[in-house]
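Presented below is the structure to which this report refers.
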Amino acid sequence: MTQDQNAAAPAANESTLCAPCAGIQRHWRRAPGHAELVQANNRQEARGAHTVTVTRYRCDHCGAIWDYENNRADQRTGWSLVRC
Ligand SMILES: [Zn+2]
């Protein structure tokens, strides 16, 4: 059994995501969000020796909560789904 992080394998509850949310490319730095994401708060998080800024967004369309991590040291950050 192989595990492919890039495979499109949404969890069952992600069926509630709207189409623009479902289309967000996750864990890829500088991937775009979509027009109905509303920015909420920022926070700093430690990543080893440095800190990064994580911005919380909420989708006005389906209510999904997203975090966007801006980490120049790691290409595989970016969007992650908090809940939907
Ligand atoms: Zn949405």
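The values are calculated or read from the model by the stated rules, or taken from the named source; none is laboratory data. It should be emphasised that the depicted structure is a prediction, and the values quoted were computed from it without experimental measurement. Methodologically, a virtual Cβ is constructed for each residue, glycine included, from the backbone with ideal geometry; neighbour enumeration extends over all protein chains shown.
Of the conditions (1) farther than 19 Å from Pro20 by Cα; (2) under 14 Å from the mean Cα position of the chain (by Cα), Gln44 satisfies every one except a single condition; which number is it?
In the conditions (1) farther than 19 Å from Pro20 by Cα; (2) under 14 Å from the mean Cα position of the chain (by Cα), Gln44 misses (2) alone.
Could you list, ordered by first residue, the pairs with Cβ atoms under 6 Å in which the first is in segment 45-66 and without any contact (Cβ under 8 Å) to a residue 12 or more places away in the chain and the second is loosely packed, with under 15 Cβ neighbours inside 10 Å and part of a strand (DSSP E or B), at least 6 apart or interchain?
Pairs that qualify, where the first residue is without any contact (Cβ under 8 Å) to a residue 12 or more places away in the chain and the partner is loosely packed, with under 15 Cβ neighbours inside 10 Å and part of a strand (DSSP E or B), are Thr51/Gln44.
Is it the case, given these coordinates, that Ala35 is at pLDDT below 95 and more than 10 Å from the ligand (Cβ to nearest atom)? Walk me through it before giving the result.
On the way: at pLDDT below 95: no; more than 10 Å from the ligand (Cβ to nearest atom): yes.
Spelling it out, it is not the case that Ala35 is at pLDDT below 95 and more than 10 Å from the ligand (Cβ to nearest atom).
With respect to Glu69, is the statement that it is within 12 Å of the ligand (Cβ to nearest atom) and either in contact with a strand residue (DSSP E or B) (Cβ under 6 Å, 6 or more places away or on another chain) or acidic (Asp, Glu) (or both) true?
On the way: within 12 Å of the ligand (Cβ to nearest atom): no; either in contact with a strand residue (DSSP E or B) (Cβ under 6 Å, 6 or more places away or on another chain) or acidic (Asp, Glu) (or both): yes.
Here the answer is no, as Glu69 does not meet what is asked.
Is one or more of the residues making up segment 14-24 of a type in the set (A, V, I, L, M) and modelled with pLDDT under 95?
Restricting attention to segment 14-24, the residues satisfying the condition of being of a type in the set (A, V, I, L, M) are 17, 19, 22, 24.
With modelled with pLDDT under 95 added as a condition, the list becomes none.
No.
Kindly list the number of the only condition in (1) at pLDDT 90 or above; (2) surrounded by fewer than 16 Cβ atoms within 10 Å (Cβ to Cβ) that fails for Gly78.
The single condition Gly78 does not satisfy is (2).
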